[in-house]
Each structure stands twice: as structure tokens, then as C-alpha cells.
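Engineer: Structure provided below as C-alpha cells; questions to follow.
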Amino acid sequence: EPSQPSVLLISLDTVSAEHLSLYGGPAKVPNLEALAANGTTFDQAISHFPETALSHWSLMTGVLPEVHGNVPATGDSRYTGPTLAEKFSAAGYRTAAFIGGETLTNRSTGLSRGFHTYDDQYPWDRRDLKRPGGEVVFSANTWILERLRANEQFFAFVHLFDAHFPYTPPAPWDTAYSTGFTGKLTGEDADLRPYRDGQKTPTPAQVAHIASLYDGELSELDDIIAPLLHQVADKNVIVVVTSDHGESFRHNYWFNHRGGLWDEITRVPLVISGPKIPKAQRRSGVVGLVDVAPTLLGLTGMPSFKISHGFNLGSDLKSAEKENRVAFSITDPWRKSPQFSARDSGHRIIAPSEGGKPNMDNAISYD
């Protein structure tokens, strides 16, 4: 068996940490909790951008979103440094990505750099832009099994889009957190769009109902990843589970994420498990998604990026506990009313961004 571990990086698109039972939320995620019991959980992991493409580019490179440019408009990043996949590929790892959402296909993002396999060819359902998570996991598991049997080091990236709106979980997840709502509002995009666009304000009962459907999708997603986690259990594989951003059900910003930087949008799950990873540990220091790539390079004994905004959290994953780090986030600077946020262990601010610079005179602090 190769001396250095393989890596499985799972991205659960649109998953807010505070909704998960692992973080005290209502959505039960027993498989993620079992993974956390064998690894380390980060309580303040922060996304730098509340949209899929740019957030994942930061995750894969260790540099902040501004560096990558307007990826959704150009279909690629202007960043010329190496990606995590390119680093692993150059070191002899087999690399593959299995994509569950249209917004992370290579034609939309150019993210296939360094991957020997980029599995994103699928007849996308235009109603929700997702590929069913079960099919993504099956494809990924088949590929991983081949690598395990051949004793090949691998880097596998698995992206699951099932928690993204519309919120339409199948049974039994559709009623798992039922509030007894008797109205007509559903989780379908056509019903929610007036609220998402700010044309309507939902009642508290409607918000609770839609949140219950979202929580159902989170529990469904936890069930979907179970075969993937089971296959690599007790193997020489580092497993990382995180998200690109969360979802808003408060602050008069409903059922959306693109235009806000509140905690339920920027605070995402982050669990790291595997050989030599501290077990059943929690870390309270602020970390960013840009820390994931340099940390994985460190854990696999590889040289880090020459240029990075992220930090290697160390073999004990305690680096963020030793100093008060700041995580920065922005919304799309090309959209109306862009925002900037900064967060450390004791302070959080959100400010309007004007001309690419935060207007601190109009910043607000929040808790």
C-alpha cells in the first residue's frame, strides 16, 4: 500500500453548518457525525464566496475569489497557478472529479485542470440543474474501488448538488421535519422565486415549512454519502467533507445565498478524518476554505503552493487555535450592491463594497 494517503474531498453544495445536527441544528446527519467521531470537526469554517464556481476555485487553489475573476461569465479562472488536482497529478496520484451540479461542469468553470477524469457529462434536469446524488456516488465509488484494488494513490473530488434549491426531497425526507404546514407553498423554484427575488415576504409558518424541506434534503444527502464513506473507512485515505456555501432563511433574505454574507450562508461544515488525524476533536478557531488545499498537501507530505492565501493547519489541525485568524468573504462584485465581510474568533462585520473596496463607514457588526 502506498505510504502517503489518498484523498477523498466531498463538497455538499449549499449546506449551512448551523442546520446540521453535528453543529446543533435540526437536520440529523448520522453518517457525518460518525465521520466526525473518527476525525476533527471545525466549528468556524468560512466560505469566501456564496456561489458554486468561485467558492470551489478557492477551495481547490488556496487563493481568494478575487484572484479568479468572473468565472461564471468566462467559463474559466484567470488564475495560472497550480490547482490541488494538478499538484496531486504531478506527484503521481490518479485524479478524478464527479460532478453533481451544472454550475460546476467544466464548460461552466474550467475546473477540470489536473483531473485525469472529470465526470460531468450528464443530461441535466433544467428544473434544478442537478444530477442525482446517488448516481454521482455510484460513479465515484466504482472509480475509487478500482484504485483501491490496484493499490494506487488517488485524489477524488465528489460534488453533490442535492441540497441546492428547489427543496424537493423524496420520501421519507419530505416529511421528516414536518411542521404541520397546511398552506400551498412548496419548495419548487416557481413558488419560491418571488420570495427569493424580494418581491414577497414569507410568513413565519412558511419559512419554517420551507426550512423543514431543506433540512430533509440535508438528511437525504447524509444518507447518499454513506456508501462513499463506508468504502474508504479504515483505508489509507484522508476524507474531507465541506460545502461551498450555505443558505439563508433569515435577515429578510429568503431561500437564497448569492447576495448575503450572514453566518448561515458563509459558515459551512468542515470535517477531516483519516490516518493520523486527531479523532473526536473539535477546533474552535476560524478557518477558511482556502486553508483546505494547503492542509491536504501538508497531510500528504507534499510541498505547498508557492503562493497561497490559505494556511496549512498542521498535522494536529490546531494551527488556527494558536493565532486569531481572519476569514474574508465577498459577494459577486459584478452584481448590484456587492458586499464584503471579515470574521475572526470574536468579531464579525459586513460592509458594502464600492469599486472593489469595502466601505467601512457603513459596515455593521453582528453576533
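The values are calculated or read from the model by the stated rules, or taken from the named source; none is laboratory data. Note that the structure is a prediction, hence the values are computed from the model and not measured. Cβ: placed from backbone, ideal geometry, glycine included. Neighbour counts: every protein chain shown. Keep in mind that these areas ignore ligands, DNA and RNA; they rest on the heavy atoms of the full protein, side chains included. Shrake-Rupley method; radii C 1.70, N 1.55, O 1.52, S 1.80 Å.
Engineer: Would you be able to tell me the number of residues in the range 155-187 that are under 23 Å from the mean Cα position of the chain (by Cα) and more than 17 Å from E220 (Cα to Cα)?
Structural biologist: 3
Engineer: Let me ask another. Take the residues in the range 1-30 that are among the polar types (S, T, N, Q) and surrounded by 20 or more Cβ atoms within 10 Å (Cβ to Cβ); name whichever of them is farthest from L270 (Cα to Cα).
Structural biologist: S6
Matching residues to (1) among the basic types (K, R); (2) at pLDDT 95 or above; (3) part of a helix (DSSP H, G or I):
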site: G183; (1), (2), (3): no, no, no
site: K200; (1), (2), (3): yes, no, no
site: Q206; (1), (2), (3): no, yes, yes
site: S212; (1), (2), (3): no, yes, yes
site: E217; (1), (2), (3): no, yes, yes
site: L221; (1), (2), (3): no, yes, yes
site: V240; (1), (2), (3): no, yes, no
site: D244; (1), (2), (3): no, yes, no
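Engineer: Going through S365, S341 one at a time, which residue ends up being touching a residue at least 40 places away in the same chain (Cβ under 8 Å) and either exposed (fewer than 13 other Cβ atoms within 10 Å of the Cβ) or of a type outside the set (K, R) (or both)?
Structural biologist: The conditions single out S341.
Engineer: For a quick check of your reading of the model, give me the residue pairs whose first member lies in the range 162-173 and is at pLDDT below 95, whose second is open to solvent by 50 Å² or more (accessible area, probe 1.4 Å), with beta-carbon atoms closer than 6 Å and at least 6 apart or on different chains.
Structural biologist: Within 6 Å, the pairs are P166/E188.
Each row is one residue, and each column tells you yes or no for (1) β-branched (V, I, T); (2) modelled with pLDDT of 95 or more; (3) within 27 Å of I210 (Cβ to Cβ); (4) out of contact with any helix residue (DSSP H, G or I) (no Cβ under 6 Å at 6 or more places or on another chain).
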| site | (1), (2), (3), (4) |
| --- | --- |
| E18 | no, yes, yes, no |
| S21 | no, yes, yes, yes |
| A27 | no, yes, yes, no |
| A37 | no, yes, no, yes |
| T40 | yes, yes, no, yes |
| A45 | no, yes, yes, yes |
| S58 | no, yes, no, no |
| A73 | no, no, no, yes |
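Engineer: Of the residues in the range 279-309, how many are within 30 Å of N252 (Cβ to Cβ) and open to solvent by less than 10 Å² (accessible area, probe 1.4 Å)?
Structural biologist: The number of residues fulfilling the criteria is 5.
Engineer: Of the residues in the range 91-100, how many are crowded, with 24+ Cβ neighbours inside 10 Å and of a type in the set (A, V, I, L, M)?
Structural biologist: Residues in the range 91-100 being crowded, with 24+ Cβ neighbours inside 10 Å and of a type in the set (A, V, I, L, M): 2 in total.
Engineer: Which one of these is surrounded by fewer than 19 Cβ atoms within 10 Å (Cβ to Cβ), in a loop (DSSP other than H, G, I, E, B) and on the phi > 0 side of the Ramachandran plot: K235, K276?
Structural biologist: Testing whether each residue is surrounded by fewer than 19 Cβ atoms within 10 Å (Cβ to Cβ), in a loop (DSSP other than H, G, I, E, B) and on the phi > 0 side of the Ramachandran plot leaves just K276.
Engineer: Any idea which residue in the range 89-105 is nearest to Q4 (Cα to Cα), counting only those that are in contact with a His (Cβ under 9 Å, 6 or more places away or on another chain) and among the aliphatic types (A, V, I, L, M)?
Structural biologist: It comes out as A96.
Engineer: Let me ask another. Any residue that is more than 22 Å from A327 (Cα to Cα), in contact (Cβ under 8 Å) with a residue 40 or more places away in the chain and not in a helix (DSSP H, G or I) - is there at least one of those in the range 38-55?
Structural biologist: yes
Engineer: While we're on this one: Within the range 134-154, can you find the residues that are under 19 Å from the mean Cα position of the chain (by Cα) and open to solvent by less than 30 Å² (accessible area, probe 1.4 Å)?
Structural biologist: Hits for the range 134-154 are V136, V137, A140.
Engineer: If you don't mind, another one. Please verify whether the range 258-266 includes one or more residues that are open to solvent by less than 10 Å² (accessible area, probe 1.4 Å), on the phi < 0 side of the Ramachandran plot and in contact with an Asp or Glu (Cβ under 6 Å, 6 or more places away or on another chain).
Structural biologist: For the range 258-266, residues open to solvent by less than 10 Å² (accessible area, probe 1.4 Å), on the phi < 0 side of the Ramachandran plot and in contact with an Asp or Glu (Cβ under 6 Å, 6 or more places away or on another chain): present.
Engineer: Counting just the residues of the range 53-90 that are in contact with a strand residue (DSSP E or B) (Cβ under 9 Å, 6 or more places away or on another chain) and open to solvent by 50 Å² or more (accessible area, probe 1.4 Å), which one comes out nearest to T295 (Cα to Cα)?
Structural biologist: Filtering first and then ranking leaves E86.
Engineer: Within the range 178-201, does at least one residue satisfy the condition of being crowded, with 20+ Cβ neighbours inside 10 Å, farther than 13 Å from N256 by Cα and touching a Ser or Thr at 6+ places or on another chain (Cβ under 9 Å)?
Structural biologist: No, every residue in the range 178-201 fails to be crowded, with 20+ Cβ neighbours inside 10 Å, farther than 13 Å from N256 by Cα and touching a Ser or Thr at 6+ places or on another chain (Cβ under 9 Å).
Engineer: Kindly indicate the residue of the range 112-133 that is within 17 Å of A90 (Cβ to Cβ) and in a loop (DSSP other than H, G, I, E, B) and also most open to solvent (accessible area, probe 1.4 Å) among those meeting that condition.
Structural biologist: Per the criteria, the residue is H116.
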